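The values are calculated or read from the model by the stated rules, or taken from the named source; none is laboratory data. Predicted model only: the values in this text are computed from it and were never measured. Positions of Cβ are generated from backbone atoms using ideal geometry, with glycine treated the same way; all protein chains shown enter the neighbour counts.
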Amino acid sequence: MAHEEANAYVDTVLDEWFRHTQGWQRLPALVPDDARPSLAGFHARGLPIDLLMHAATIALTNDKVGPGGKWRYFMGIAWNQLREIEADAKLRYDGDE
């Protein structure tokens, strides 16, 4: 079940990514070979899909980042979101002690 959830999470993100990059914009769909495990890692660490999708939208619509840098920019945004969530959780946990 967890494996199926992780696959659905990854597929949702990649489907959206390819929809943006292969649609009317015709941007190259530059996705590294390790995309699936990277996205599955965000799922395993609890990054909500809506935040990851928002990160993808930010990266894909930023005109200052070329097609070759969009995936890396996307990953940077996602990691920052995850770090923020984990820092907030740590503060809450440490405050409960």
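When the residues of region 64-97 are filtered to those that are part of a helix (DSSP H, G or I) and acidic (Asp, Glu), the one that is surrounded by the fewest Cβ atoms within 10 Å (Cβ to Cβ) is ASP96. Only residues that are surrounded by 15 or more Cβ atoms within 10 Å (Cβ to Cβ) and at pLDDT 85 or above were counted in region 13-40, giving 10.
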